[in-house]
Amino acid sequence: MLKGRLGLETARIPHIDRHGLMWLGRGNLLVEDGTLRFVAAGDDSLPPGEYLIPFQTVSCFVLGPGVTVSHDAMRLAARHGTGILFTGEGGVRLYASMPFGPDDSALARRQIACWANPEARMLCVRRMYAWRLGEVLPDADLDTLRGIEGARMRETYRLLTRRFGVKWEGRRYDRSNPQNDDLPNQAINHAATAVEAAAMVATAVAGAIPQIGFIHEASGISFCLDIADLYRDSVTLPVAFAAVRDFERQPPPPLMTLEAITRKLAGRTFRKQHLVASMIDRIKELFSDDRGGDA
């Protein structure tokens with residue numbers, strides 16, 4: 001594309017995945033001579049320098065800490081339907097997003113159709129549980145499926161305590177005083193918040209409706225919580241237990257808080273596993289055919 005023009009073939013920043021997401025951190029996003037430019041201060045993923053961006057090929061900019069963006073850059077992105085999200089490092093928080101989405105409402109309409117049809121809704125629920133647990137569970141109501149999940153989770157916790165050498169006394173959460181929990185439970189809360197933020201990013205990029213969940217219902221981000229739960233065994237809990245292990249290995253006094261260690265480890269894990277891209281694929285697959293309730 002635009003071979004040779006303005007040096008784009010050598011200066012463009014590669015997409016993080018085939019969805020056209022561009023993750024930028026620590027630099028300035030601006031427009032100069034009608035061209036979108038990113039002046040990078042440099043970080044682990046991008047060396048310092050000035051980069052020209054062919055924004056027509058970008059679906060969404062994900063801007064992490066240390067990025068400033070000019071009014072002209074926001075205007076140019078809006079004109080071409082390119083989304084902009086402001087996140088924590090690695091996508092562990094979602095702070096704001098510019099309105100955007102796919103060119104049509106097909107996926108959102110399929111989501112509504114599935115949610116409104118009891119049979120299709122249960123098929124989506126069973127599909128998500130099958131993804132999490134590695135098998136298609138017998139036809140059952142939601143309470144029964146939650147009970148089966150709970151039994152599997154107890155075994156998961158047991159295996160993780162052995163793998164990371166962390167003492168575990170059971171899952172608990174005091175909403176009125178989260179800091180009163182023991183270290184593993186605190187870390188799980190921090191990791192879960194980070195994974196939920198990644199799910200919010202994926203939901204926004206895919207054009208799904210965050211309020212319309214299938215397993216979760218009451219929250220304003222119920223669907224995001226559904227998607228985040230798909231990665232509880234593979235991402236949330238391993239990150240949490242690894243964070244506790246790393247926190248306890250620090251010489252006294254601790255240089256980093258448990259929350260900081262959890263967030264940094266989560267961000268690295270998200271990048272390594274291409275978590276947001278995986279979530280986008282799962283969202284599309286959930287409603288992809290008659291088993292998922294195509295509209």
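Looking only at segment 23-46, count how many residues are surrounded by 15 or more Cβ atoms within 10 Å (Cβ to Cβ) and modelled with pLDDT under 90.
Adding up the residues that qualify gives 4.
What is the number of the single condition among (1) surrounded by fewer than 17 Cβ atoms within 10 Å (Cβ to Cβ); (2) more than 17 Å from Ala194 (Cβ to Cβ); (3) modelled with pLDDT under 95; (4) under 18 Å from the mean Cα position of the chain (by Cα) that Gln211 does not meet?
(3)
Considering (1) without any contact (Cβ under 8 Å) to a residue 12 or more places away in the chain; (2) under 23 Å from Arg154 (Cβ atoms); (3) not hydrophobic (A, V, I, L, M, F, W, C), say which one Pro254 fails and leave the rest.
The single condition Pro254 does not satisfy is (2).
Give segment 208-234 a look and list any residue that's in a loop (DSSP other than H, G, I, E, B) and in contact with a Phe, Trp or Tyr (Cβ under 9 Å, 6 or more places away or on another chain), or say none.
Result: Ala208, Ile209, Pro210, Gln211, Ile212, Gly213, Phe214, Ile215, His216, Leu230.
One line per residue, one yes/no per condition, for (1) touching a residue at least 12 places away in the same chain (Cβ under 8 Å); (2) hydroxyl-bearing (Ser, Thr, Tyr); (3) under 20 Å from Gly88 (Cα atoms):
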position: Gly34; (1), (2), (3): no, no, no
position: Arg37; (1), (2), (3): yes, no, no
position: Ala40; (1), (2), (3): yes, no, yes
position: Asp43; (1), (2), (3): yes, no, yes
position: Gly49; (1), (2), (3): no, no, no
position: Gln56; (1), (2), (3): yes, no, no
position: Thr68; (1), (2), (3): yes, yes, yes
position: Leu76; (1), (2), (3): yes, no, no
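Could you check how many residues of segment 63-119 are within 23 Å of the chain's Cα centre (by Cα) and not in a helix (DSSP H, G or I)?
29
The values are calculated or read from the model by the stated rules, or taken from the named source; none is laboratory data. Model, not experiment: these values are computed from the prediction. Glycine gets a Cβ as well: all are built from the backbone with ideal geometry, and neighbour counts include every protein chain shown.
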